[in-house]
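Data first, discussion second: the structure below is written as structure tokens.
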Amino acid sequence: MGKAITRTAWIDHLRSFLTVLVVAHHSSLAYTTFAKFNKANYMSSTAPVVDNSRGIVMDIFEGFNDIFFMALMFLVSGLFFYRSIAKKGKRKFLSDRLLRLGLPFVIVVTLIMPLAYYPSFYLAEQRTSFAAFIHDFIFHQRWPA
């Protein structure tokens, strides 16, 4: 049998809360008063789709979150960095991180991100052709740069 893994409940709860907060933060970007949709270059819009009903409440929510949540995520990540690298060694640590972070990144950039910007293409161009969208996304919008 393997060694039992001890977990710290408050860290797990904090990580879960921060994850939900990140999703809420990015979901609310379409409803801020400073949200802009750029028809000529939809990739430079503040969100893939910007809603016409916007409110100051979302501005306050965004501003409050921007103060702390990314820094807190890096802090929580850093709390376990030394112990993990000491246990696994540099090579194993880097290969695990590459697999754990690199693979989802590649999947998101190649599959999810284009799907997220497809509605933006429709709003900007009024065309539904997915082939035209992919062509525009790669050659005119300069994805993934």
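Each reported figure results from applying straightforward, stated rules to the coordinates on display, with no laboratory input. Bear in mind that the values here come from a model prediction, so they are computed numbers and not experimental data. For neighbour counting, all protein chains shown are included, and Cβ atoms are generated from backbone atoms with ideal geometry for every residue, glycine included.
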For this session: Run the numbers on the chain and let me know its relative contact order in percent, using alpha-carbon pairs under 8 Å that are six or more apart.
Result: 23
Problem set entry | Ratio of Rg to Rh over segment 1-79 (Cα coordinates, Kirkwood Rh, two decimals) | 1.17
Problem set entry | Ranked by how many other beta carbons lie within 10 Å on average, peptides 60-70, 120-130, 82-92 from highest | 120-130, 60-70, 82-92
Exercise. How large is the dipole of the chain about the Cα centre if only Lys and Arg carry +1 and Asp and Glu carry -1, each at its Cβ, rounded to the nearest 20 debye?
Worked result: 1020
Exercise. Which percent of the Cα-Cα distances in segment 82-145 go past 14 Å?
Worked result: 65
